[in-house]
């Protein structure tokens, strides 16, 4: 089913310099479309986090919210290609007025994960999520971001009051039987096991009895890059000998991300030059040239945005 | 019309020689014409040579799981595919012990095991594998695989019935196309269900596909004592005594995780 398009580039293309460099970066094939990422809320978010890799915010409209029908069409398109699971992201998915309906539609057909900042839950929405989860054939995962185990650290990234809101959301989700996953960005390059255990202890102290934790590295993208933290010249996959390139190490070997605007190589590069691959999923099944600094982070850390 | 093939299948022995002996007895009593082990003979439990010797002395068709490959080739880790640092920590403890305690004669046997096995039964193409048809260490969880994905796996790998293991939890999906995917589970540790016994799959492959998961009790306390004498992690021993997973569970999907205690 894969098309035979030439590799797309994640960097600026069309310049003489870019042309000379062509072929110097590894090219990542899409082995199979396992994970379909849907940027359901576009770039609309109730927060303006200082490290947001997509630079989302309350008034940002670079990617529009996706209507419920458009989401259903994308899921259908993905399932026809054998998609294993669906991830909903934004922006903040729970800003979408039809998010619960979208989940109801999708959970009938595929496992779903929602990535949220955890600040917009209400008793009614949590009760509805719990009902959806109990009735569904597949798992519903809720991933709540927590950038630190203390109010000061988290709120420095996400704004005052949001630590307490997120923790309150986590506790309410667990009380409803939903076992949320805490997504923690390794902002200080700590040893992963130490960081994980620190988070687990803190979450238990907050009252979460069964903390689940997903660690992510920091990406020098979006607002994080704007505040001066950019990829350096050595943070690149350029020049990696083809014989040394492991094509099973990157999530873009098994995912694509759709927004209202089209299909992108992965959820990290939806706002980056060269990240857009096609209007359709079928058109985005080709290889991808790994020019971006974020490709280096993914490759070096072996990270995936997916669960597990 | 030919009788249905009675096939017993299990995975993840994890050095649990006592559970292995009990499962082999139960499968024989059930009338299995063929018995298959879908890989990972060692890991987690004590004295890995005991399970390996028992399996080699039986008529069981054994596949090479990721752990068998890593032990056989003395690799640096088990290649289980865990992403969580706590899971990786405990799987490394398990692997280091197993590698050190497995004799070369069994390691050579592990290296030579096939990764997959195919046969026809009841007019269906049956594929046996460890993780998934495409990757030896892929976790296939019931609640985290769409029908579309499982259909794609079967279609791409030319199989009507797929038997897999690796994740350690047993399940069966009859797909809309009439294909079947069966995770046979593991017999080396309980199925995170609060029972100290283990489960294996008993299949009847004929005109239809019959799938039964059979519970088997074994001397789990004797195994726990062996694990204590080998100074294996207390967390592993707790699992054997309680039936609840305490480690290597961070990649469980929400539904499977919620069914456990930890």
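The values are calculated or read from the model by the stated rules, or taken from the named source; none is laboratory data. These numbers were taken from a predicted model, which means no experiment stands behind them. Positions of Cβ are backbone-derived with ideal geometry, glycine not excepted, and every protein chain shown enters the neighbour counts.
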Given the criteria more than 17 Å from the chain's Cα centre (by Cα) and surrounded by 14 or more Cβ atoms within 10 Å (Cβ to Cβ), does residue B:238 qualify? yes
Determine which single condition residue A:185 fails, assuming it passes every other condition in (1) farther than 22 Å from residue A:87 by Cα; (2) touching a residue at least 60 places away in the same chain (Cβ under 8 Å); (3) buried (at least 18 other Cβ atoms within 10 Å of the Cβ). (1)
Does at least one position in the stretch A:64-84 carry a residue that is crowded, with 19+ Cβ neighbours inside 10 Å, over 23 Å from residue A:275 (Cβ atoms), more than 14 Å from chain B (Cβ to nearest Cβ) and modelled with pLDDT of 95 or more? no
Would you call residue B:237 assigned to a helix (DSSP H, G or I), more than 14 Å from chain A (Cβ to nearest Cβ), in contact with a helix residue (DSSP H, G or I) (Cβ under 9 Å, 6 or more places away or on another chain) and within 25 Å of residue B:100 (Cβ to Cβ)? yes
Residues (outside any strand (DSSP E or B) and closer than 20 Å to residue A:305 by Cα) located in the stretch A:244-259: A:246, A:247, A:248, A:249, A:250, A:251, A:252, A:253, A:254
For residues that are at pLDDT 95 or above and assigned to a loop (DSSP other than H, G, I, E, B), scanning just the stretch A:271-289, find the one that is surrounded by the most Cβ atoms within 10 Å (Cβ to Cβ). A:275
Any chance residue B:226 is surrounded by 18 or more Cβ atoms within 10 Å (Cβ to Cβ), modelled with pLDDT of 95 or more and out of contact with any strand residue (DSSP E or B) (no Cβ under 7 Å at 6 or more places or on another chain): yes
Take the conditions touching a strand residue (DSSP E or B) at 6+ places or on another chain (Cβ under 9 Å), farther than 25 Å from residue A:129 by Cα and surrounded by 14 or more Cβ atoms within 10 Å (Cβ to Cβ) and apply them to residue A:195. Does it pass? yes
Please work out if residue A:161 is over 19 Å from residue A:304 (Cα atoms), modelled with pLDDT under 95 and surrounded by fewer than 20 Cβ atoms within 10 Å (Cβ to Cβ). no
So, residue B:244, is that one part of a loop (DSSP other than H, G, I, E, B) and within 14 Å of chain A (Cβ to nearest Cβ) or not? yes
Looking only at residues in the stretch A:180-208 that are under 17 Å from residue A:152 (Cβ atoms) and touching a helix residue (DSSP H, G or I) at 6+ places or on another chain (Cβ under 6 Å), which one is farthest from the other protein chains (Cβ to nearest Cβ)? A:206
Can you work out which of the residues in the stretch A:85-111 that are more than 10 Å from chain B (Cβ to nearest Cβ) and assigned to a strand (DSSP E or B) is nearest to residue A:139 (Cα to Cα)? A:87
Kindly indicate whether any position in the stretch B:96-118 is in contact with a strand residue (DSSP E or B) (Cβ under 7 Å, 6 or more places away or on another chain) and buried (at least 21 other Cβ atoms within 10 Å of the Cβ). no
Quick test of your reading of the structure: residue B:225 fulfils all but one of (1) under 30 Å from residue A:131 (Cα atoms); (2) away from chain A (no Cβ under 14 Å); (3) free of Cβ contacts under 8 Å to residues at least 40 places away in the same chain. Name the failing condition by number. (1)
Looking at A:169, A:177, A:239, which is the one that is more than 22 Å from the chain's Cα centre (by Cα), within 19 Å of residue A:123 (Cα to Cα) and either in contact (Cβ under 8 Å) with a residue 24 or more places away in the chain or away from chain B (no Cβ under 14 Å) (or both)? A:177
Can you tell me which residue in the stretch A:139-152 is farthest from residue B:262 (Cα to Cα), limited to those that are touching a residue at least 12 places away in the same chain (Cβ under 8 Å) and surrounded by fewer than 16 Cβ atoms within 10 Å (Cβ to Cβ)? A:151
Does residue A:124 meet the test of being away from chain B (no Cβ under 11 Å) and free of Cβ contacts under 8 Å to residues at least 60 places away in the same chain? yes
Picking from A:22, A:16, the residue that is more than 30 Å from residue B:146 (Cα to Cα), surrounded by fewer than 21 Cβ atoms within 10 Å (Cβ to Cβ), touching a strand residue (DSSP E or B) at 6+ places or on another chain (Cβ under 9 Å) and at pLDDT below 85 would be A:22
